[in-house]
Structure formats: structure tokens, C-alpha cells
Amino acid sequence: MLVSCEVVGCKTRVPPELEPQRRCILHFTLELEHECMQMRRETAIGNSTRERYAEMKRYIAEHGQKLAQLATGGPTLTDETKARILSTFLTLMNCRENVERIATRQETERRIG
Ligand SMILES: [Zn+2]
């Protein structure tokens, strides 16, 4: 079965790893970057629940694994796509660090307060 990317205006063939998401690699990485930006905004406000932080970390871990599969398990990628995957990896790592830092700080404040 051939699956095409569901983003409007994009008809790129979806690699098997991304069939459940129905996104081509470009749009998968763009959405990830967008999601990370949202998480950054959300954590900046600083009143997310413990569960929400856990959910963010799970999201980052799961999508990082998916990216790794795309990078090393699928068909040959163009240099441009490789660069895009790497830059999204970096965004994910920084995002994870940010979530971790703020969750820890909030946890400390809860204990003191
Ligand atoms: Zn697409």
C-alpha cells in the first residue's frame, strides 16, 4: 500500500516508518520542531503538572526513536534530508534538556514551598 503525506499541498510518498503518522520526512520533522516550540512556551510559563512533564519526555523519546529509525534503517537519504534529521535531533535534545531542567526546578520548589 502506498501512503502519501497528508499535509495539504504535499503528495510526497511516506516511508514505511511514518505510515502511522501519514507524514513525509520533511513534514514529520517540521511538526516535531513545532511541537518542541510549543513545549518550550508551555514550560516557560512554568505551571505544568508532573504528569504533563512526563508526557513531554515520553513524546520526545518516542519521536527521537522514530527519527533514528528513519536515519539509519530506511532507504538512502539525500544530504539535505540527513541535515534536516540531524537538526531536528538537536532540537529534540535541547527540548528534552529544557523540560528536564524546569521539571526539576519545579519539583524542588514544591518540596521547599
Ligand atoms: Zn509532506
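Protein heavy-atom surface of the chain, 1.4 angstrom probe: 54% of the accessible area is carbon and sulfur, with nucleic acids and ligands not counted. Panel values: segment 24-112, Kirkwood radius from alpha carbon pairs, Stokes-Einstein at 4 °C and 1.567 mPa s, translational diffusion coefficient 93 µm²/s. How tilted is helix 50-73 with respect to the longest principal axis of the chain? Cα atoms for both, answer in degrees (0 to 90, nearest 10). That works out to roughly 30 degrees. Label positions at Val8 and Glu31, each projected 7 Å from the Cα along the C-beta direction, are separated by 1.6 nm.
One Cα centroid belongs to segment 67-113, the other to segment 5-44; the line between them spans 14 Å.
Taking the C-alpha atoms only, the angle from helix 25-45 to the longest principal axis of the chain is near 10 degrees. Placing a pseudo-label 7 Å from each Cα along the Cα-to-Cβ vector at Leu77 and Glu97 gives an inter-label distance of 2.0 nm.
The trypsin sites (Lys or Arg not before Pro) of segment 9-66 meeting both criteria, a DSSP state outside H, G, I, E and B (loop) and at most 11 other C-beta atoms within 10 angstrom of the site's C-beta, are Lys11.
Taking Cα atoms, how many degrees apart are the long axis of helix 79-112 and the longest axis of the chain, rounded to 10 and kept between 0 and 90? Helix 79-112 and the main axis of the chain meet at about 20 degrees. Computed from the C-beta positions of Glu109 and Arg41 and an R0 of 35 Å, the FRET efficiency is 0.95 to the nearest 0.05.
Using the 1.4 Å probe convention, the accessible area of the chain works out to 65 Å² per residue with neighbouring protein chains retained.
The values are calculated or read from the model by the stated rules, or taken from the named source; none is laboratory data. Remember, it's a predicted structure, so these values are computed and weren't measured experimentally. Methodologically, a virtual Cβ is constructed for each residue, glycine included, from the backbone with ideal geometry; neighbour enumeration extends over all protein chains shown. Ligands, DNA and RNA are stripped out before the accessible areas are found, and what is left, the full protein with its side chains, is counted by its heavy atoms. Shrake-Rupley method; radii C 1.70, N 1.55, O 1.52, S 1.80 Å.
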